Amino acid sequence: MPATMTSTSLRGLKQNLVSVNRQRVVTSAAAPKARNVCPSVSHLRRTQLSSPNFVTFTAHRAAAKFTKRSSQIIWANSGVMVEESFEPGSHVVLKVTVPQSTCQQEYNSIMKELKKDVSIKGFRKGAKIPQKLLIQSYGVKNVRAAVIEQMLTNAIPKAMESVAKRAIQDSEKIETDLKEIEEAFAGADASPTGDAHFSIGVDVVPEVKWTAPYRSMAVEVEEAGNEGTDAAKVKLMIHGRRKELGELRIVSDRGLEVKDVAVLDFKANCLNEDGSLGDEIPGVRNPNWQLDTLDGADFLPGIVDGLVGMKPGEEREYDLVFPESWPQASLVGVTGRFSAKMKELFSKELPPLEDDIADKLLPGCTTIAEVEEKLAMAQKQSTFDQTLNKVREALTQQLADIVDVDPPEYLVQEQGRQMYSIRLLEMQQKGQVSQEAMQTLTSIDMVNNFVGQNREDAARLVKITLATEAIQELEKLEVTEEELQAGVKEAIEDMVANGMEYDEDSVKGQTQELISGQKVLDFLSSTCKVDLLPMPKEEEEEILAKAAKIEGEQGVLEEGPALNPDGSIMFKFD
């Protein structure tokens, strides 16, 4: 039975090779292409070099592997002297020296170019213009900037020749302050007065080594289910679909019970240490919150319990503490005061489990037996896929333990930002945060805080990525054109169906990495030793107990808090 593995990419970096679904491929940032970012002299004249940040441009190169790490070296290329040194995090610093004579050539070239288009009163176009007037026309500051720009434009490609093939795309930048570079052009007319010095920092793809043979890995994995839990989950699915078909009846003579549906005016504020009311908690306020109490496991623990017994028109306040597992770190341990007003209250009656609702439970079915059969097949496949993904995850985690590689800091930072984007997307899709809250959560400070707190996890994922890329190359696991085209087609169809914009080149690159990752994990799954163990008894008993509670349609399905993939408790208001 074919199995699938999902991953995504961001600027050439394959992400989590197990738990990230295809939708995240759609939402990942487009991988930028290699490009020459040094502008032409004519462009410099048009812009008059007014930007103080022009020196931060970089000469982007495609990333490629290298197999030998050099110690500190000094070399020359066409008059440019380069001192190359390695730092932690697979970071290379190129200390560049451009001789004064070369700087003078750049200066003369710029002056010659500027004379072509300048228009000064009293001089015909093309006439010989005194250099002093030419500089006065453009301004010393702009002339100096133009000379430095051209000097960098010509020097950077030469300086980076030693690392161009192993540089990580978009990671390079000039680390020297502009004022330090300007010191080499201190003449009154912006002419060079000495050698120019600047440093380029760039992360490179590191050498991958192994502390143990990856072909000899062995893992033990607990199965995601069995025949009994599959049958129980089918019952739970049917019960959930019956809930959707249930009829609502107005309740006016009693308070809310854990089986009702209510409409509430709801909000929450933080409580200060002195017990006073603090700031409102973003994303909670909803004047018409439609609450199905049977979905209580999807919310902050205690939310539904605090509402039990409320009658229409009644108002209530109660306090809850956000648990350690809460996904928004700023709220962990915070006490919130929740305010609710019951606007409407309904009871829900589920339809009898008879053949006449079969098509509503599962379109195309005519009997309950057919519904159960098809859902059973789907659940069996789901259990197989979940077990396979657990195997793959165990293998990738072991890869991280046996690979010896220094993850480049640039990739670690990019991975951390992608992890945060995925987390926010999940929260938004589950209705856990409002649009207003999303604006706060996407601030630079929030992103950097998350990346800092999760740096270790991000670095481990980068190590896994580098390891899988190395295995793909060593084992010659090529992606065929047919596989690539089929994957691209599927990804684009998903995006079109969801009304999302896309860049076809980016989708193609991301799909290439997706399939490459699948091939590596398929190879490891078939090559390494995998022992499957029965699912944990506690998990099995919990699933069977839930199914037992709905036998005979007793009504209430009592569940514990539902968890996000990372183990945090869901919290949604919609």
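The values are calculated or read from the model by the stated rules, or taken from the named source; none is laboratory data. What you see is a predicted model, and the numbers here were worked out from it, not measured in a lab. Cβ sites come from the backbone with ideal geometry, for glycine too, and all protein chains shown count toward neighbours. What goes into the accessible areas is simple: the full protein's heavy atoms, side chains included, and nothing from ligands, DNA or RNA. Shrake-Rupley method; radii C 1.70, N 1.55, O 1.52, S 1.80 Å.
Per-residue Karplus couplings for the range 360-373, computed as 6.51 cos²θ - 1.76 cosθ + 1.60 with θ equal to phi - 60°, are listed in order as 6, 6, 8, x, x, 8, 10, 9, 5, 4, 5, 4, 4, 5 Hz, Gly and Pro entered as x.
Each Lys or Arg adds one and each Asp or Glu takes one away; over the other residues whose Cβ falls under 15 Å from the Cβ of MET81, this sums to -2.
Skip the ligands, DNA and RNA, and give the accessible area per residue of the range 159-312 with a 1.4 Å probe, whole Å². Don't jump to the answer; show the numbers that get you there.
Details: 7140 Å² over 154 residues.
In whole numbers, the range 159-312 has 46 Å² accessible per residue.
Can you pick out the pairs among LYS95/LYS165; LYS508/LYS529; LYS235/LYS380; LYS311/LYS348; LYS243/LYS374; LYS430/LYS508 whose Cα atoms lie more than 23 Å from each other?
Working: LYS95/LYS165 18 Å; LYS508/LYS529 33 Å; LYS235/LYS380 13 Å; LYS311/LYS348 16 Å; LYS243/LYS374 19 Å; LYS430/LYS508 28 Å.
Where the Cα-Cα span goes over 23 Å, the pairs concerned are LYS508/LYS529; LYS430/LYS508.
Loop-located trypsin sites (Lys or Arg not before Pro) in the range 476-545 (DSSP state other than H, G, I, E, B) with a sparse environment of at most 10 neighbouring Cβ atoms within 10 Å: LYS476. Whole-Hz Karplus values for the range 150-163 come out as 5, 4, 5, 4, 7, 7, 4, x, 5, 5, 8, 4, 6, 10 Hz, taken residue by residue from phi with 6.51 cos²θ - 1.76 cosθ + 1.60 and θ = phi - 60°; glycine and proline positions read x. 3J(HN,Hα) along the range 235-248: 4, 5, 5, 5, 4, x, 6, 5, 4, 5, 8, x, 9, 9 Hz, from the Karplus curve 6.51 cos²θ - 1.76 cosθ + 1.60 with θ = phi - 60°, whole Hz, x for Gly and Pro. Taking amide hydrogens as placed 1.01 Å from N in the peptide plane, the amide H of GLU172 sits under 5 Å from those of ASP203, each at least 5 positions away in sequence or on another chain.
Check each of the trypsin sites (Lys or Arg not before Pro) in the range 207-315 and keep only those in coil by DSSP with at most 15 other C-beta atoms within 10 angstrom; list them in order.
Numbers: sites: LYS209, ARG215, LYS233, LYS235, ARG241, ARG242, LYS243, ARG249, ARG254, LYS259, LYS267, ARG285; in loops: ARG254, LYS259, ARG285.
Within the range 207-315, the qualifying trypsin sites (Lys or Arg not before Pro) (loop, at most 15 other Cβ atoms within 10 Å) are ARG254.
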